[in-house]
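Student: Take a look at the following structure, please.
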Amino acid sequence: IILSGAMIFSLASLSAHNLEQSVNSEDRSPDNVARDIYRHPYETLSFFGIKQDMTVVELNPGGGWYTEILANYIHYPGTLITAKCSYYFEGFEKKMNSNPMYGRVEIVNLNSNLAEPNSVDAVITFRNLHNWLGADMDSIFRSSFKALKPGGSFGVVEHRAKPGTDFETMKTSGYVTEDHAIEVALKHGFELVEKSDINANPKDTKDHAKGVWTLPPTYRLKNKDRDKYSAIGESDRMTLLFKKP
């Protein structure tokens, strides 16, 4: 038993990747890697201060684009908790069962308490706020604040609306103003630490016929003006870092 434990520890040590190795890992889907030029995962996770030994909650990870990197990166005593809503759940669970590197990934309900109070080092969310505008956003931000340790980080990436965009336009376009994101975070006790333009895209005019979904990777207009939208690339995004005092 002692030998087995030593072997397991040795294998875990060998497989422990730093952030750069995790971003460049062959465990990642080639389709996901192709989007690094728009999503800047190394720079974004570095800005959020994510470390290997942290307990991190990833809110509503969708198909698991960032989860691929985080599961490779976070190692014992760190833990990755993914907070899922019902959408994508079956496919996400299948992904989590597809590779041993996901063995330590926990899955909880997005509408739960996420984790024990004051137990989490960081909560992060990518391109989700437009889906939560209103009561859901309040509830999720509140749960995130409670789960975080004092001094814990709350990192937000979201499609960035033009300043002054009204609430209904935010809901239909998929773009959210920085002011609104910050206002809701402050309301629930967070402090704004820093903004970054890591994920900015000045080519994005934010006035597309089908909102943010006009752009890649969705291309909701299908082949209509596809070259035009491909040249713009993915959306202009805010990248905000908050902390729990």
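Student: How would segment 57-113 be classified by its alpha-carbon gyration tensor: rounded, prolate or oblate, with rounded meaning a/c under 1.5 and the a/b versus b/c comparison settling the rest?
Tutor: Here segment 57-113 falls in the oblate category.
Student: Compute the signed sum of charges (Lys and Arg +1, Asp and Glu -1) over the other residues within less than 13 Å, Cβ to Cβ, of Y175.
Tutor: So the surrounding residues net to -2.
Student: Karplus couplings for segment 169-174 from phi (6.51 cos²θ - 1.76 cosθ + 1.60, θ = phi - 60°), rounded to Hz, Gly and Pro as x?
Tutor: So the Karplus estimates, Gly and Pro as x, are 5, 4, 5, 8, 8, x Hz.
Student: When the helix-only estimate is applied to the chain (DSSP H runs of n ≥ 4, each -39,500 (n - 2.57), divided by the residue count), what is the mean residue ellipticity at 222 nm, nearest 500 deg cm²/dmol?
Tutor: Helix contribution divided over all residues of the chain: -10000 deg cm²/dmol.
Student: If you wrap a convex hull around the Cα atoms of the chain, how much volume per residue is inside, in Å³?
Tutor: Residue-normalised Cα hull volume stands at 129 Å³.
Student: Relative to the present Cα-Cα distance, how much length would full extension add between S25 and A135 at 0.36 nm per residue of separation?
Tutor: 35.8 nm
Student: In a shell of Cβ-Cβ distance under 11 Å around I69, excluding I69 itself, what net charge do Lys and Arg (+1) and Asp and Glu (-1) give?
Tutor: -3
Student: So, one more: E191 to N109: extension gain in nm, 0.36 nm per residue of separation minus the Cα-Cα distance?
Tutor: Residue separation times 0.36 nm, minus the Cα-Cα distance, leaves 27.0 nm.
Student: Normalised by the residues of segment 118-245, what does the relative contact order come to in percent, with Cα pairs under 8 Å and at least six apart?
Tutor: Relative contact order comes out at 32 percent.
Student: Under 10 Å, Cα contacts only: if you run a Gaussian network model on the chain, which one of P216, P100, P61 comes out with the highest mean-square fluctuation?
Tutor: Between P216, P100, P61, it is P100 that shows the largest mean-square fluctuation.
Student: With the convex hull built on the Cα atoms of segment 27-139, state its orientation-averaged projected area in nm².
Tutor: 7.2
Student: Given DSSP loops and a limit of at most 16 other Cβ atoms within 10 Å, what is the longest stretch of the chain that contains no such chymotrypsin sites (Phe, Trp or Tyr not before Pro)?
Tutor: 89-218
Student: 7 Å from Cα along Cα→Cβ at both D53 and Y76: what's the point-to-point distance in nm?
Tutor: Distance between the two pseudo-spin positions: 1.5 nm.
Student: Among the listed pairs K51/K162; K195/K228; K171/K222, which have their C-alpha atoms separated by more than 31 angstrom in this model?
Tutor: K51/K162
Student: I would also like to ask the following. Please list, or write none, the lysines whose alpha carbon is within less than 16 Å of the alpha carbon of K84, excluding same-chain residues fewer than 8 places away.
Tutor: K94, K95
Student: Starting from the Cα-Cα distance between D166 and A200, subtract it from 0.36 nm times their residue separation and give me the gain in nm to one decimal.
Tutor: 10.2 nm
Computed from the coordinates by the stated procedures, all read-outs in this text should not be read as laboratory data. Keep in mind it's a predicted model, so treat the numbers as computed, not measured. Every residue, glycine as well, gets a Cβ built from its backbone with ideal geometry; the counts of neighbours run over all protein chains shown.
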